[in-house]
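Novice: Have a look at the structure that comes next, please.
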Amino acid sequence: MSDEYLWDKTGAPDPEVEHLERVLGEARFDGPPPEMPVTSGRPGLRFAVAAAVLIGIGALTFGLAIDRGARPETPQPGWAYMLVPVENGDRTAEARTLVAGDWIETDATTRADLTVADIGRVDLDPDSRLQLVRTGDDEHRLRLERGRMQALVDAPPRLFVTETPAGDAVDLGCLYTLEVDEAGNGLLVVEVGMVMYERGGYEAFVPAKARCEARKDKGMGTPYFETASGALRAALRRLDFGDAQGNALSDVIEACTVRDTLTLWNLLQHPALDQAARGRVLDRIEAFKELPDELTRDAVLDRDAETLLSLRDALGLYW
Amino acid sequence: MSVDARSTARHCPRVTTVPDPAPLARGEPDVAAAVAAVLSGDREAFGLLHGLFARMVHAILLARVPAREADDLTQDVFLTALRKLDQLKNRAAFGPWVAQIARNRAYDHHRRSRRFDTLPAELAGRGGADALEAREALAAIRALPAAYRETLMMRLVEGMTGPEIAARMSMTPGSVRVNLHRGMRLLRDALGQKETR
């Protein structure tokens, strides 16, 4: 097997790479360039566009001065956003700037589109309330008090954080939806990539196609895939949020399939599970997948961070 | 240290920064000059940029949307880039800039459709073992972290070499090599896992 072939198509061909090239080559792009609009690049048009931009900036600055009253002399880093009517999606609305401490509140007739510095976007649904807590090179932090937002972030892990009353969603890259109901309870649904949902030192790992519920008074629940059975979901709610848990852990373990090893892996870190209970969880994991040779059962049950990560990598093939 | 804190580098390698491009390698087209020419209305220069970057853009889209839609979206991305070209401050950074437009376009597409085909339907109408295998391979690549996903799409679908990917994305050859190597290892594991199930 030659890495050189994978790198630059020199060296001895790797049969598997060659085979994939042939099979996947069917989807290769070979389209011509699109027609270039005839107006593009014309000096007159460009001047007009530049003038419009300058006028727009002037109007925006004036508008903000009125809107916000006295502002600090030193410009603060801010995010551009726009309130968009739900009914017609008209995106010609005035562009605004959100700075640290500002809130956005949408009613039933509007949503908001935000640009998250240079790392992504947030779409805020109607009837939502959101605050920019801070924005900077080391962290961008929002607080979703109520409603629903969808975030697309393509940035180093942990650079983008959204607080909710029930826990903080810490972005590890990609696309997710976060909801907070009137009672402050949360729901995190990850579409692409992965997110950590955290509170009080407990971190729930939520990868693509998984979700995690949270309660304001109890914190995060245990993540599960969208494909999880109703029985598993019900048992998890009893385990995570129920007053009388009864046989909830047994029911969870019983309901898990190989794909639900995501749930089992997260349970290994569950704050309410003692070592014996974690042992039962690990038994179930091992029924699906033997522990890799380099990992020991004791290290898993002791919640050794490196060991848990290695186990997650091994189980990730099923997710 | 938390489990996640140790895992950050492992799971979401950053691919979207717009770094200063490396000095022109021998034989590399002058992208900044092509951008300047397009801004003055030069159609040939637009064709040159399209020829250089269309496969990269297509691969980025293909990593996120069904193949039957990736072709049209590729053209949309170039038209968007053309409209916004005068906003590009560092003309030599056209590659990472248009790559980010492609990612945003895929997101828009995804947001509208509200669902993502886990198993792409693009080849559903075609029969044969190859079509099935292609579907499985595309799905397996799409399940990888973004940096591996995009790099492998460029290499295996678009037929770009590692040095070419590095040049178009303004990434270091070392980073691309690592992404290819690790991505391919994960892909082999994933495909092997499917076979043994």
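The values are calculated or read from the model by the stated rules, or taken from the named source; none is laboratory data. Here the structure is a predicted model, which means the values were calculated and not measured. Positions of Cβ are generated from backbone atoms using ideal geometry, with glycine treated the same way; all protein chains shown enter the neighbour counts. Ligands, DNA and RNA are excluded from the accessible area calculation, which covers all protein heavy atoms including side chains. Shrake-Rupley method; radii C 1.70, N 1.55, O 1.52, S 1.80 Å.
Novice: Expressed as a whole number of Å, what is the distance separating the alpha-carbon centroids of the stretch B:143-181 and the stretch A:134-171?
Specialist: After rounding, the separation between the Cα centres reads 29 Å.
Novice: Something else about it: Just to check I understand the Karplus step: with θ = phi - 60° and J = 6.51 cos²θ - 1.76 cosθ + 1.60, what whole-Hz values come out for the stretch A:115-120, glycine and proline as x?
Specialist: 9, 8, 6, 10, 10, x
Novice: Okay, next question. With each pseudo-label sitting 7 Å past Cα toward Cβ, what's the A:Lys9-A:Ser250 distance in nm, one decimal?
Specialist: For A:Lys9 paired with A:Ser250, the spin-label model returns 6.2 nm.
Novice: Oh, and also: Quick one: buried accessible area between B and A, total over both chains, 1.4 angstrom probe, nearest 100 Å²? Numbers along the way, then the final one.
Specialist: Numbers: alone 11540 and 17830 Å², together 23120 Å².
So the total buried area for this chain pair works out to about 6300 Å².
Novice: Oh, and also: Going by the alpha-carbon gyration tensor, a ≥ b ≥ c the square roots of its eigenvalues, is the stretch A:81-221 rounded (a/c under 1.5) or, if a/c is not under 1.5, prolate (a/b greater than b/c) versus oblate?
Specialist: It comes out prolate by the Cα gyration axes.
Novice: If you don't mind, another one. Give the residue from A:His270, A:Leu295, A:Val252 lying farthest towards the positive end of the charge dipole for the stretch A:227-319; charges sit on Cβ (+1 for Lys and Arg, -1 for Asp and Glu) and the dipole is referred to the Cα centre.
Specialist: A:Val252
Novice: Roll a 1.4 Å probe over the protein chains and send me the accessible area per residue for the stretch A:245-319 in Å². Intermediate values should be presented prior to the final figure.
Specialist: Values: 3270 Å² over 75 residues.
About 44 Å² of surface per residue is accessible.
Novice: Size of the dipole of the stretch A:189-264 about the Cα centre, Lys and Arg at +1 and Asp and Glu at -1 on the beta carbon, nothing else charged, in debye to 20?
Specialist: Working: 10 positive and 11 negative charges, 26 e Å.
The dipole magnitude comes to about 120 debye.
Novice: Between A:Glu94 and B:Ala131, take the C-beta separation as r, use R0 = 56 Å, and let me know the FRET efficiency to the nearest 0.05. Before the final figure, lay out each step's value.
Specialist: Details: r = 50 Å, r/R0 = 0.89.
The computed FRET efficiency comes out at 0.65.
Novice: Sequence-distant or interchain residues sharing an amide H contact under 5 Å with A:Val133, placed H: which?
Specialist: A:Gly101, A:Arg141, A:Leu142, A:Arg143
Novice: Taking the Cα centre of the stretch B:144-197 as origin and charging only Cβ (+1 Lys, Arg; -1 Asp, Glu), how large is the dipole, in debye to the nearest 20? Show your work: numbers first, answer last.
Specialist: Working: 9 positive and 5 negative charges, 36 e Å.
In total the dipole reaches around 180 debye.
Novice: What is the gain in length, in nm to one decimal, between A:Arg280 and A:Arg237 on full extension, counting 0.36 nm per residue of separation less the C-alpha to C-alpha distance? Working shown, then result.
Specialist: Details: separation 43, 0.36 × 43 = 15.48 nm, distance 1.87 nm.
Taking 0.36 nm per residue and subtracting the Cα distance, the gain is 13.6 nm.
Novice: If you don't mind, another one. About the Cα centre of the stretch A:223-287, how large is the charge dipole given +1 on each Lys and Arg Cβ and -1 on each Asp and Glu Cβ? Please answer in debye to the nearest 20.
Specialist: The calculation lands at about 60 debye.
Novice: So, taking all protein chains as they sit and a 1.4 Å probe, how much accessible area belongs to A:Glu286, in Å² rounded to tens?
Specialist: 70 Å²
Novice: Non-local amide H neighbours of A:Gly221 (under 5 Å, H modeled in plane, Pro and chain starts lacking H): which ones?
Specialist: Under 5 Å from the amide H of A:Gly221 lie the amide H atoms of A:Glu213, A:Ala214, A:Arg215, each far enough along the sequence or on another chain.
Novice: At a Cα cut-off below 20 Å, give the lysines reachable from A:Lys209, other chains included and same-chain residues fewer than 8 away excluded.
Specialist: B:Lys194
Novice: In whole Hz, with x marking every Gly and Pro, tabulate ³J(HN,Hα) for the stretch A:305-310 from phi via Karplus 6.51 cos²θ - 1.76 cosθ + 1.60, θ = phi - 60°.
Specialist: 4, 5, 5, 5, 5, 4
Novice: Using the Karplus curve 6.51 cos²θ - 1.76 cosθ + 1.60 with θ = phi - 60°, work out ³J(HN,Hα) for each residue of the stretch B:33-41 in order, rounded to whole Hz, and write x for Gly and Pro.
Specialist: Residue by residue, the stretch B:33-41 yields 5, 5, 4, 4, 5, 4, 4, 9, x Hz.
Novice: Using the beta-carbon distance between A:Ser229 and B:Ser40 and R0 = 51 Å, what value does 1/(1 + (r/R0)^6) give for FRET efficiency, to the nearest 0.05?
Specialist: Values: r = 61 Å, r/R0 = 1.20.
The formula returns an efficiency of 0.25 here.
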